[in-house]
Amino acid sequence: MRKINFISVFLAVSILFCGCADKKDHVYEDKEWRTNIRSVSGIEPYEDGVYYKNKNDILCYFDTSSQKATVLCNKKGCSHEGKSCPAYIETFGMPDAANDSLYYLSLEGELTRKKLDNTSEEKIWDMGKTLRKEMGDETSISFSGYIVTGNYVYTVVRIAYTDEEGAYKEREELHVLDTAAKKQTVLETVDASKETLEILSAKNNITYYQAQNAYDKDFQPETATEEEWKEQEKKMNTRVCRADAKNGGKEQVFELKSGFVSAATDDIGIYYNDFLGTGYMETKNLCRKDRKTGEETILKKGDITAKYMYTILDAEHIVVQNEKGLGEIYNMKEFEMEAVVAQKEYWVAYPVKGGYFCYAPENEDGMVWQYFTEKEIQKEGGNAVMVKE
Ligand SMILES: [Zn+2]
């Protein structure tokens, strides 16, 4: 289960020093690795609860101890529907809960911080403005996939521009903002016609990210034949790098020829799958490379298992679909199975404090988030999540 701890002693000390007159940022430190899973899952577990979007894209908080959900809106008479509700969340706009705050990064690169109850917006930094100063206002800049950990904010920026010869170019950059030093640094730059960037994990000043081959220029996914897909699959190479935001240093720690990397941290190593070669991005074996020994191990020999069946829950868990079509939840530190999810009824389940948060059918017309304690899940048997005994 995910635990995000930060050092409250540091917090208390820095409040004393700051005296509130000069509002400096506190020194925070994460003990756990963090991922950007909330942009895929739409949930963000934090301490005793879970932040999630309801059916109307409204931000809610579920407290696992009281088992009560709250809409995070304080507007009087609000119907909590649509953009006029302060708790409305844009697509991919799920905030990152860290350091006793909710952090939002807009597509334009404006970073804001709110209290955990989603009130009192405070602008921290304009990452886009910093860039546009350099590049000029004509440049198109978009931000995606960010992680807040300790005093650092990591994000991938896509920049479209015209070069000196008038040619249209796109590049991707991995940026890190040190909120304490108020300093924005570029850790990696790639030509977007050749590679794309994705942050895999981060913990304070350390981040793992991957650079994956882009499709060939003339490749058309909509109309491609099986043979053309096979060609692209063969070329889907991935570089995994580890960077240090403190000194800007980086090293390539892994390279995968034709496969898919799903997770990497100092603790779990690098999790990856090699492709089966069918052209459908189906993967063969689930493997791990140990960071200390460099040893590569096959953890699970594959039947035909599609890429999307390997879902990262957080920096510690992974779901592997077994031959019965059930999702097995493994802890990646020891690669031990913790639970089995019956994917037919509950096609996604995330371990949170005291149980599982499941996206499941409420009735015939919709799926909703539901919380099952470990006890309840065991009672439900075959149709829900069964915790391994
Ligand atoms: Zn509202």
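The values are calculated or read from the model by the stated rules, or taken from the named source; none is laboratory data. Note that this is a predicted model, so its numbers are computed, not measured. Quick reminder, even Gly has a Cβ in these numbers, built from the backbone with ideal geometry, and neighbours come from all protein chains shown.
Conditions tested, residue by residue: (1) surrounded by 12 or more Cβ atoms within 10 Å (Cβ to Cβ); (2) touching a residue at least 60 places away in the same chain (Cβ under 8 Å).
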residue	(1), (2)
160	yes, no
180	yes, yes
185	yes, yes
193	yes, no
215	yes, no
218	no, no
231	yes, no
237	yes, no
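Of everything in the stretch 242-258, what is surrounded by fewer than 21 Cβ atoms within 10 Å (Cβ to Cβ) and either free of Cβ contacts under 8 Å to residues at least 24 places away in the same chain or touching an Asp or Glu at 6+ places or on another chain (Cβ under 8 Å) (or both)? Give them in sequence order.
Once the filter is applied, which keeps residues that are surrounded by fewer than 21 Cβ atoms within 10 Å (Cβ to Cβ) and either free of Cβ contacts under 8 Å to residues at least 24 places away in the same chain or touching an Asp or Glu at 6+ places or on another chain (Cβ under 8 Å) (or both), the stretch 242-258 yields 247, 249, 250, 251, 252, 255, 257, 258.
Which one of the conditions (1) in contact with a Gly (Cβ under 9 Å, 6 or more places away or on another chain); (2) without any contact (Cβ under 8 Å) to a residue 60 or more places away in the chain; (3) surrounded by 21 or more Cβ atoms within 10 Å (Cβ to Cβ); (4) closer than 23 Å to residue 126 by Cα does residue 61 fail to meet, given that it meets all the rest?
Looking at each condition in turn, residue 61 falls short on (4).
For residue 56, are the conditions met, namely being surrounded by fewer than 21 Cβ atoms within 10 Å (Cβ to Cβ), modelled with pLDDT under 95 and under 21 Å from the mean Cα position of the chain (by Cα)?
It is false that residue 56 is surrounded by fewer than 21 Cβ atoms within 10 Å (Cβ to Cβ), modelled with pLDDT under 95 and under 21 Å from the mean Cα position of the chain (by Cα).
Return only the number of the condition from (1) in contact with a Leu (Cβ under 9 Å, 6 or more places away or on another chain); (2) in contact (Cβ under 8 Å) with a residue 24 or more places away in the chain; (3) of a type in the set (S, T, N, Q) that residue 149 does not satisfy.
Going through (1) in contact with a Leu (Cβ under 9 Å, 6 or more places away or on another chain); (2) in contact (Cβ under 8 Å) with a residue 24 or more places away in the chain; (3) of a type in the set (S, T, N, Q) one by one, residue 149 breaks only (1).
What number of residues within the stretch 45-57 are within 16 Å of the ligand (Cβ to nearest atom), in a strand (DSSP E or B) and not basic (Lys, Arg)?
2
Take the residues in the stretch 76-112 that are surrounded by 13 or more Cβ atoms within 10 Å (Cβ to Cβ) and over 22 Å from residue 149 (Cα atoms); name whichever of them is farthest from the ligand (Cβ to nearest atom).
Only one residue tops the list, namely 88.
Write out, first by first residue and then by second, each pair whose Cβ atoms fall under 7 Å of each other, whose residues are 6+ apart or on separate chains, and whose first residue, in the stretch 162-173, is assigned to a strand (DSSP E or B) while the second is of a type in the set (Phe, Trp, Tyr).
162/168; 169/161
Among the residues of the stretch 162-176, are any within 27 Å of residue 26 (Cβ to Cβ) and touching a helix residue (DSSP H, G or I) at 6+ places or on another chain (Cβ under 8 Å)?
yes
All but one of (1) in contact with a Phe, Trp or Tyr (Cβ under 9 Å, 6 or more places away or on another chain); (2) surrounded by fewer than 16 Cβ atoms within 10 Å (Cβ to Cβ); (3) under 27 Å from residue 192 (Cβ atoms) hold for residue 134, so report the exception by its number.
Going through (1) in contact with a Phe, Trp or Tyr (Cβ under 9 Å, 6 or more places away or on another chain); (2) surrounded by fewer than 16 Cβ atoms within 10 Å (Cβ to Cβ); (3) under 27 Å from residue 192 (Cβ atoms) one by one, residue 134 breaks only (1).
I'd like to check something: does the stretch 127-147 contain any residue that is within 16 Å of the ligand (Cβ to nearest atom) and either assigned to a loop (DSSP other than H, G, I, E, B) or out of contact with any strand residue (DSSP E or B) (no Cβ under 9 Å at 6 or more places or on another chain) (or both)?
Scanning the stretch 127-147, I find no residue that is within 16 Å of the ligand (Cβ to nearest atom) and either assigned to a loop (DSSP other than H, G, I, E, B) or out of contact with any strand residue (DSSP E or B) (no Cβ under 9 Å at 6 or more places or on another chain) (or both), so the answer is no.
Does the stretch 137-158 hold any residues that are surrounded by fewer than 16 Cβ atoms within 10 Å (Cβ to Cβ) and farther than 29 Å from residue 32 by Cβ, and which are they?
137, 138, 139, 140
Can you tell me which residues in the stretch 64-75 are near the ligand (Cβ under 7 Å from one of its atoms), under 16 Å from residue 53 (Cα atoms) and without any contact (Cβ under 8 Å) to a residue 24 or more places away in the chain?
Answer for the stretch 64-75, where residues must be near the ligand (Cβ under 7 Å from one of its atoms), under 16 Å from residue 53 (Cα atoms) and without any contact (Cβ under 8 Å) to a residue 24 or more places away in the chain: just 71.
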